[in-house]
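Student: Following this message is one structure expressed as structure tokens.
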Amino acid sequence: MLRFTPILLAMLYGLLMFRFSAWRTARELDARSSELVDPNLVPLITQMARALDLPRIKVHIYEIEPVNGLAAPDGRIFITRGFYNRYRAGDVSAAELASVVAHELGHVALGHSRRRMIDFSGQNALRTALAMVLSRFLPGIGPMIANSAMSLLMARLSRSDEYEADSYAAALLTKSGIGTAPQKSLFEKLEKLTQSGAAPMPAWLLSHPKTKERIAAIESLEHKWGVTPP
């Protein structure tokens, strides 16, 4: 039993870090956000709520400058102030910003937001546990293999989540009558929008597949559903 104690302690550390990270994130979002009340965006969000048979979808503005959307572990949806400002400046349309809300709703509906917090807050503990195990069989290079394995796993999980959230958003946008055109046009703009020189977002918010691959995946869904792109 004693030989497994370091591994169990590492797992316990990961659980404690998850709890602390979730608490810290919720506290930060509470302190620096307010409800979105834009007259052009709210009707589009209401359309999506009706498509989901929900009385309302509440969206908040998170007061930071980087351009991004966020699905919090508690299920709340956020658009950053920087993203909203680009919309106010005319760089992003209301429908394009609504597609971001649809994407983040996908993360919530599919359980990504809570699992992602576990993945990223606990990965150091898992990395430590894996390194301990591998070091018994591969002294010296065990930790390097553990680091590489965890990095590859996290990247793969993140990309998979993004594709799934894109598919959810495409279905929701189609059902609500907004369509997938704003979703695809926003993808074309994202690289330029996010190169604003502002402070970076946390790494667990930034891992996304390539733009062309995301658009191709949506177009494949359109073909499958028999939807004619505008």
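Student: What net charge do the residues around residue 172 carry, taking every other residue with its C-beta under 13 Å from that of residue 172, with Lys and Arg at +1 and Asp and Glu at -1?
Tutor: Cβ neighbours under 13 Å give a net charge of -2.
Student: Ignoring ligands and nucleic acids, what accessible area does residue 33 show with a 1.4 Å probe (Å², nearest 10)?
Tutor: 30
Student: Here is a follow-up. In a shell of Cβ-Cβ distance under 12 Å around residue 88, excluding residue 88 itself, what net charge do Lys and Arg (+1) and Asp and Glu (-1) give? Mind dumping the intermediate values first?
Tutor: Numbers: positive: 81, 86; negative: 38, 91.
My count for the surroundings of residue 88 gives 0.
Student: Just to make sure I understand: if all protein chains stay in place, what is the order of 225, 23 by accessible area at 1.4 Å, largest first?
Tutor: So the residues, ranked largest to smallest area, are 23, 225.
Student: Can you give me the long-range amide H partners of residue 60? Hydrogens built in the peptide plane at 1.01 Å from N, cutoff under 5 Å, separation of 5 or more residues or another chain.
Tutor: Amide H to amide H, under 5 Å and 5 or more residues apart or across chains, residue 60 pairs with 36, 77, 78, 79.
Student: So how do 180, 174 rank on accessible area, 1.4 Å probe, biggest first, that is with the largest at the start?
Tutor: 174, 180
Student: Show 96, 213 ordered by accessible area, largest first, where the area counts protein heavy atoms only and the probe is 1.4 Å.
Tutor: 213, 96
Student: Let me ask something additional. First select every other residue whose beta carbon is under 12 angstrom from the beta carbon of residue 41; then total the charges, Lys and Arg +1, Asp and Glu -1.
Tutor: With Lys, Arg at +1 and Asp, Glu at -1, the net is -2.
The values are calculated or read from the model by the stated rules, or taken from the named source; none is laboratory data. Since we're looking at a predicted model, the values are computed, not measured. Every residue, glycine as well, gets a Cβ built from its backbone with ideal geometry; the counts of neighbours run over all protein chains shown. The accessibility values were calculated without ligands, DNA or RNA, using every heavy atom of the protein model including side chains. Shrake-Rupley method; radii C 1.70, N 1.55, O 1.52, S 1.80 Å.
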